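Here the structure comes first, spelled out in C-alpha cells, and everything after it is commentary.
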Amino acid sequence: MSETAEHTGHHIDVKQFHPRAQAAIHNPKIRKNFRSAMDGLMSKRKTAFEGWDLETLRDLGANVRLRALANLPDLLEQLEKKLTENGIKVHWAVDGDEACRIVRDICKARDAKTVIKGKSMVSEEMELNHYLEEQGIEALESDLGEYIVQLADETPSHIIMPAIHKNTGEISQLLHDKTGTDLSNDVEYLTASARLQLREKFMNADVGVSGVNFAVAETGTLCLVENEGNGRMTTTVPKCHIAVTGIEKVVPSMEDVSALLALLTRSATGQHITTYFNMISGPRKAEELDGPEEVHLVLVDNGRSSIYQDDELLDTLRCIRCGACMNHCPVYTRVGGHAYGTTYPGPIGKILMPHLIGLDEGRHLPSASSLCGACGEVCPVKIPIPDLLVRLRQESVDGDKLHPAKVRGHGAKRSSMEAMIWKGWAWMHASPGIYRFGTGAASKFRVLQPSKAGAWTDYRTAPKLAAKTLHQRMKERGQ
Amino acid sequence: MSSRETILQRLRNRTGGELTVPECDFSVLVRDDWSIKERIERFEKMIESVHGEVHHCTEDMWMDRLAEVLNTRGARNLLIPKQHEIGRALRDAGRDDLPELLIYDEPIESWQAHLFNEVDASITSTRGGIAETGSLILWPNDDEPRLMSLVPPVHIAVLRASELYTTFHEAMQAQNWAAGMPTNALLISGPSKTADIEQTLAYGVHGPKELIVLMIE
Ligand code: SF4
C-alpha cells in the first residue's frame, strides 16, 4: 500500500473559488474585518519605511534572494554540513507527504504523544496536523491566531494573521465552547486565559514543531521571526525541536538576513522589527540548562524544484512570505483569505499554489486578479507578481503541446471558445486590411451587439461600440 | 536515489541553464553614524513605542532603580544570573529592599513547574542593543539560560549605553557573528504581544508582559 494513501488530508476544494468569493463578498462582516485590518496594515507599512531608501532596499532584497537562488544547490549542501557540525540533523523531503512521514518517524522514535506547534506555513502546506492526528499524535497550534483557527476547525485566512476573519465576539464564544473560558469582550482577558491553557501544553509537549524564516548556510543558523514568544517556547521547552522549511529559505550569511529582516517585518505588519528574532544554531550543549536535546531540520521541496527550472517562474521562490501583497490586494481585501481555498491566499497564493497543487486544481487562481499591479509595487523582493499572473493565465488556457508545460495542469482552464477568440484576435491584428475590415464591420453592425456579455454584465452595463472607428474619425479630421 | 539526491540533482540540472549571480550592495543598510546621544534617544523612542520601558541609570544607582521597579510590581522574587557581575553584585549587596533572589543553576527538567508558575521577574545582561529598531541582543548561556528572558512575567535587561549599535547590520559585523553563533541568540524588542484578536494589542501572551531596560550611562 502506498503510504500516501494514509494521508487523507483536509482540502477545501480549490476549484470552488467563485462561489466562495461570492459568499464572502455578500458577507458584510468579513468585508469589514478585512477592510479595516488591511487599511491599518497599509498605513503602518508606509510609516515603518520612513527614512529608508525603500527602492534601493527593495533592490537589495531582490538581489539577496536572487543570489541565494543562483547558488541554491551549493547553499543547501553547505547548510546541511554546517547544521550537522552544529548537531542539528537534516532531512530532505521531495513532497509534503514525505515531510509528514519524517516528522512522524522522529516523533515515534521518541515515543511522542503530543506536539506543540509554532506558526509554520510549510506545515500547513503539508497538512501536518491532520496527518499527525491520524497517526495518534496530538498536534496543537500555539500561535494565538492559529490556536483560534484550530479550535474552530478552520484554516488560516491570512499568512501573518490567521484569525483575521473573526471578531472578538466570535472568538470569545469559541473559547467558551471549546475551553470553558468565560464569555468576555475583553481581549486582555481572552489572551490571558489562552496563555494559561497553552503554558500547560508547552510544559507537557514531547516535541515542538516550527517553521523557519531564514536558514543561514555560513553559520548553520535557523532564524524565526515572531511577536508572541510561542515560537521561542516551541523551540526551547520540549526536548525535541523539529523545524520544517521550504528549500528556498536558505541564504548565504547573516548579512543577507539583516537585509531581509529589515524588509520582512516592515512589509508584513509595519513593525520595525518583531518582538523576537530567534536564531537557533544547535541543540542544548552539555553545560546548558535548557533548550531541546535534539534539533531537526526538514527541507521540503514539494514542487519548488520544478518552479526552479523556469527563468520566469523562478521569481516566485524569492518570496519571504511577508503578506504585503495580500494586504494591498483589492481582491483579497474584498473576498478574504478563505475564498481562495488554498494554503497561501492572495497574490502570492495565486502565483505559488498553481505550482504546489497544479493548474488543474488551481486554475481559477491566476484569473482572480484585476492586474492592478499593487502587489508588485509593494513586494519587498520585487517579485513581478502581475507578470507571473499573466504567464500563468496563458498556461492555464494554453493547450499548445509544442511548448512543454512548466506548470502541472497546464491548459486545464482551456476553453476552446477563449482560445479561439484570442487566436482570431491575433490574426486580425496581424494584418492592417483585415483589421480595418473587422473594426469597420463591428461599428456598422453594432445594433446586433448583445446587451449581455456573460458574468461581466451581471453587475455592469455592457459597453457600446462607437458608430465610427477611431481610425475613421482620425481620417475625417484629416490626420 | 535518495530524496536528497533527487532534489539536488533537479536543482543542479536546471533546464533554464546557470543563473547569474547579482551583486549585492549592502550600503543602503549603513546609516549615518549616529552619536551616542542620538542612539540612546532612538533606542528609547523605539522601545517605548512597543510598550517597553527604559530607565536611565548609573553604575552606582541601578540597584536602587531595580528595587523600585520590583516593589511597584509587588514581585515576590527575582531570578538572577549566578556568575555574571549583575548577579554577584545583587547577592553581595545584601539589600533588604529586594525580593528573594533565585538562581537558575539546575537543568530545567528539575524545576520547570516552579519556573513557570512561581517566578515573578528575571534580570539578565545583554550583549548590547540596536538603536534603529530598539532591540536588545541576548546570547543565552549556562549562566543565563534561554528561558530566563521568556518565562517570568517581568523581564529586566541591563544595557550599557556604550554598547548601543546603530543597526543590526552594524552590530553583527562589529561582533563578528559570521565567525560562529551560539546555540541560541536573540533580538528582543519589547514585551511579548499579539494582535490576533481583532487587531487589538495584548501583551504577555506567551512571554513577559513587561520588558524593562536599565540603561547604564
Ligand atoms: S510575494 Fe512579495 S509581497 Fe507577497 S508575500 Fe511574497 S515577498 Fe511578500
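What whole-number distance in Å separates the alpha-carbon centres of the stretch A:130-191 and the stretch A:270-331? That distance is 23 Å. Residues in the stretch A:153-181 near a label at residue A:192, defined as backbone nitrogen under 15 Å from the 7 Å Cα→Cβ point? Counting backbone N atoms under 15 Å from the label point, the list is A:181.
Which value, in debye to the nearest 20, describes the size of the charge dipole of the protein assembly as shown about its Cα centre when Lys and Arg Cβ atoms bear +1, Asp and Glu Cβ atoms bear -1, and nothing else is charged?
On the way: 79 positive and 96 negative charges, 912 e Å.
Result for the protein assembly as shown is approximately 4380 debye, rounded to the nearest 20.
For the peptides B:26-39, B:151-164, A:114-127, the ranking by packing is A:114-127, B:151-164, B:26-39, with the highest mean count of neighbouring Cβ atoms within 10 Å listed first. Taking +1 at the Cβ of each Lys and Arg and -1 at the Cβ of each Asp and Glu, which of B:171, B:128, B:89 sits farthest along the dipole of the stretch B:33-193 towards its positive end, judged by Cα position relative to the Cα centre? Farthest towards the positive pole: B:171. Cross-link partners of residue B:193 among lysines, defined as those whose alpha carbon lies under 20 angstrom from its own and excluding same-chain residues fewer than eight positions apart: A:44, A:117, A:119, A:166, A:201, B:45, B:209. Taking other C-beta atoms within 10 angstrom as a stand-in for reagent exposure, B:1, A:353, A:326 fall in the order B:1, A:353, A:326, fewest first. Take A:176-185, A:80-89 and order them by the average number of nearby Cβ atoms within 10 Å per residue, most first; the result is A:80-89, A:176-185.
The modelled label-to-label distance for the pair residue A:204/residue B:6, using points 7 Å beyond Cα in the direction of Cβ, is 3.8 nm. Post the alpha-carbon centroid distance, the stretch B:149-211 to the stretch B:17-55, in whole angstrom. Each part's Cα centre sits 14 Å from the other's.
Each stretch of four or more DSSP H residues adds -39500 (n - 2.57); spread over every residue of the protein assembly as shown, this sum gives -12500 deg cm²/dmol at 222 nm.
Take each residue in A:57-70, count the other chain C-beta atoms within 10 Å of its C-beta, and the mean is 4. Look at the dipole of chain B built from charges on Cβ: of B:180, B:119, B:22, the Cα furthest out on the positive end belongs to B:22.
Remark: mean inter-chain Cβ contacts per residue of A:288-297 equal 5, using a 10 Å Cβ-Cβ cutoff to other protein chain atoms. Roughly how tilted is helix B:3-12, in degrees to the nearest 10 and between 0 and 90, from the longest Cα axis of chain B? With rounding to tens, the tilt is 60 degrees. Rounded to the nearest 20, the size of the Cβ-charge dipole of chain B about its Cα centre is 740 debye, with Lys and Arg at +1 and Asp and Glu at -1. Projecting each Cα onto the charge dipole of the stretch A:150-306 (Lys/Arg +1, Asp/Glu -1 at the beta carbon, about the Cα centre), which of A:271, A:168, A:189 comes out farthest on the positive side? The one lying farthest along the dipole's positive direction is A:271. Here the gap between residue B:55 and residue B:101, fully extended at 0.36 nm per residue and compared with their Cα-Cα distance, gives a gain of 14.4 nm.
Annotation: lysines with alpha-carbon distance below 19 angstrom to residue A:81 (same-chain offsets under eight excluded): A:89, A:249, A:285. Any aspartates and glutamates with Cα under 19 Å of the residue A:46 Cα? List them, leaving off those in the same chain fewer than 8 positions away. Residue A:46 reaches A:55, A:59, A:377, B:132.
Per-residue Cβ counts within 10 Å, from other chains only, averaged over A:252-258: what number is that? Walk me through the numbers before you get to the answer.
Details: counts 1, 3, 8, 9, 2, 4, 10.
Average neighbour count from other chains, rounded to a whole number: 5.
The magnitude of the dipole of the stretch A:284-352, with charges of +1 and -1 set on the Cβ of Lys/Arg and Asp/Glu and taken from the Cα centre, is near 480 debye.
Tell me, what is a quarter of the convex hull surface for the C-alpha atoms of the protein assembly as shown, in nm² with one decimal? Let's see the in-between values first.
Values: hull surface 140.2 nm².
So the Cα hull casts an average projection of 35.0 nm².
Here the label points at residue A:27 and residue B:83, each 7 Å from Cα along the C-beta direction, are separated by 5.6 nm in the simple model.
Readers should treat all values here as calculations from the given coordinates under stated rules, not as data from a laboratory. Note that the structure is a prediction, hence the values are computed from the model and not measured. All Cβ positions, glycine included, derive from the backbone under ideal geometry; neighbour counts span all protein chains shown.
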